[in-house]
Amino acid sequence: MKDYKILFTGSVCSGKTTAIRSVSDIETLDTDAQASDVTVRRKKNTTIVMDYGVLDLNTETRVHLYGTPGQERFRFMWDMLTSEFAHDAIGMVLLVDNTRKDPFRDIRFYAKAFGDYLRKRRLIIAVTHSDVEPNPDYNRYLSELKDLGVMSTVMFVDARDPRAILGVIEELISAVERDIDWDQVRDRLLDINGFSLDFYKPLYEETLLDAAMNKRGVLGAMHIGEGQDLLCSNIDDASIKSLLLNINRLTDAISEKASFLGAVNNVVIAGPKVDTLSVFNDQNQSLCLKSDKDISLPVLKQQAGDLLQWSIDNDYLA
Amino acid sequence: MTIWHEMQDKGLILYGCVLQNGDVQASSFPPEAKKQLSVAKQALAYIFRSVEKSAESHDEAHLEIGDCLFSGFQLDPNTLLIFLSEHDNDTLQIRQFVSKNKERFLAL
C-alpha cells in the first residue's frame, strides 16, 4: 500500500473540515469546540486540534488528509502537524475564503507561517465561498500571487463538493501516481458521500463588539463607519470616548493631508498606569479599543486586524 | 556617540527629535525627512493636546502611517520626544530605552 499525505490549512471557516469530510472514506476525526472569539460571528464550532480523513484511491494507494485548526492561538498544532503527522506530506492546500475582506492578506500570512514547510512541497490555493463573493476572481489571484512571489496553482472550489476537492487531490497526486482511475474515485465518492449543501451550516451570530470583548485584554470597543459614523460602542466613559473619536478624526485628516506617506493604519496611546487606547483603520471603518496596558502592541494589532476582517462587508451575511 | 546614534545602532529608530514648547531643541532628522517631521510634530502634538483635554494621563503615542511609525513620548508638560522608525519596529524596546534615558533626553 502506498500512502500519501496532504495538509489542509486556511483561516477559520475557509472550509478545511468540510473539504476533508467531503472526500474521506472514513468517519472524519474532527475536534470541534465552541468558538470563543471572533469566529463565533461566523460559526459556532471551530477545529481546535486537527481534522483527519482517509481517501482510498485504489486498493494500492491511500491518501491521508490532515487539517490544521484555523485559529492562530492553536499554532502549536500547526507545528506539530508539519513536524510530526504531516512532515512527509506531498503538498499543502491553502483554503482561502473569498468572503474575507482581504483574502490576499491570508495568503501572505499562511505563506509566511508555513514558509519553511513549503520549500519542499507544492502549494495549491483552493478558493472557497466564491459562490457568495465572486471577487477577487481567478485572474486577480494569479496577478497577486505573481506580485507576492508565491508559486502556486489556484483552483476555485466548493468544499462541500467531493468532485472539487478530489480535483485538488488529483492535482497533487497525479504527478507521482499515473495509474489512478480518477473518474472511478469521483463516482464512488458521489455515491458514498454525496454532495450536500448542508455541510457549512454557518451561524453568523456575534457582533463585532461582542467578538472584540472576547479578545484577550480588551476592556471596551467602539466601531466607527464611513464619515465618522459611530456604529456601536460599549465604552461608557465619556472622556475616553471623546478622545478616541478625536484621534479617529485625526487619522482621517492625516491620511488626507499627508497622503504622500500613505494611509494611517493605527494609533495607539499608552501610559504606565492607564489602559491603552487604540484606533485601527481598515478601508472605510475604524475599530477603537480600550485594552489592558499589559497587552503588547503586536498582539493588539493582530487581534484588531482579525476583527476588522469580519466586519462591515460581511454584515449582509448575518 | 549621540543618543540618536545609539538608538539607530540598536535598530530602534531612524531619526529622533526633542521639542520644547513646540520648538525643535535637538534633532537627528535630515533635511530630506522634513515633511515627515512636520507631520509627526502636528499629529503627536494634537494627540497629546486631546489627551490633556480629556484629563487622561497617557504619555506615549504611536502612529503607524504607511511604512512609517511615528512615536511620541511626553517627557514633561513642555517636552515632547518624537521618533520616526520602521512601521514594524518593537515599540516596547523604544519605550524601555526612553524610560532608562529620560534624563539624557531632557538634557539635550
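The values are calculated or read from the model by the stated rules, or taken from the named source; none is laboratory data. On a predicted model such as this, the values are computed, not experimentally measured, just so you know. Cβ atoms come from the backbone with ideal geometry, glycine included; neighbour counts cover every protein chain shown.
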Considering only segment A:126-149, I want to know if a residue exists there that is crowded, with 22+ Cβ neighbours inside 10 Å, in contact (Cβ under 8 Å) with a residue 24 or more places away in the chain, under 14 Å from residue A:7 (Cα atoms) and touching a Ser or Thr at 6+ places or on another chain (Cβ under 7 Å). no
Can you spot a residue in segment A:109-116 that is within 30 Å of residue A:286 (Cβ to Cβ), within 16 Å of the chain's Cα centre (by Cα), surrounded by fewer than 21 Cβ atoms within 10 Å (Cβ to Cβ) and not hydrophobic (A, V, I, L, M, F, W, C)? yes
Can you pull out the residues in segment A:243-261 that are more than 8 Å from chain B (Cβ to nearest Cβ), within 29 Å of residue B:96 (Cβ to Cβ) and among the aliphatic types (A, V, I, L, M)? A:244
Take residue B:48 and decide whether it is more than 9 Å from chain A (Cβ to nearest Cβ) and not small (Gly, Ala, Ser). no
Working only within segment A:221-242, note down all residues that are away from every other protein chain (no Cβ under 14 Å) and assigned to a helix (DSSP H, G or I). A:226, A:227, A:228
So for segment B:84-91 (the condition being closer than 26 Å to residue A:301 by Cα, in contact (Cβ under 8 Å) with a residue 60 or more places away in the chain, within 11 Å of chain A (Cβ to nearest Cβ) and charged (D, E, K, R)), does at least one residue qualify? yes
Considering A:218, A:274, A:264, which residue is in contact with a helix residue (DSSP H, G or I) (Cβ under 6 Å, 6 or more places away or on another chain) and within 12 Å of chain B (Cβ to nearest Cβ)? A:264
For residue A:190, state whether it is modelled with pLDDT under 85, among the hydrophobic types (A, V, I, L, M, F, W, C) and on the phi < 0 side of the Ramachandran plot. yes
Restricting attention to segment A:281-307, and to residues there that are under 18 Å from residue A:108 (Cβ atoms) and within 13 Å of chain B (Cβ to nearest Cβ), which single residue is surrounded by the most Cβ atoms within 10 Å (Cβ to Cβ)? A:304
Here the residues within segment B:30-41 that are surrounded by 16 or more Cβ atoms within 10 Å (Cβ to Cβ) and over 11 Å from the mean Cα position of the chain (by Cα) are B:33, B:36, B:39
The residue that is surrounded by the most Cβ atoms within 10 Å (Cβ to Cβ), considering only those in segment B:51-66 that are within 7 Å of another protein chain (Cβ to nearest Cβ) and among the charged types (D, E, K, R), is B:64
Taking the criterion of being among the acidic types (Asp, Glu) and more than 22 Å from residue A:208 (Cβ to Cβ), would at least one residue in segment A:247-258 satisfy it? yes
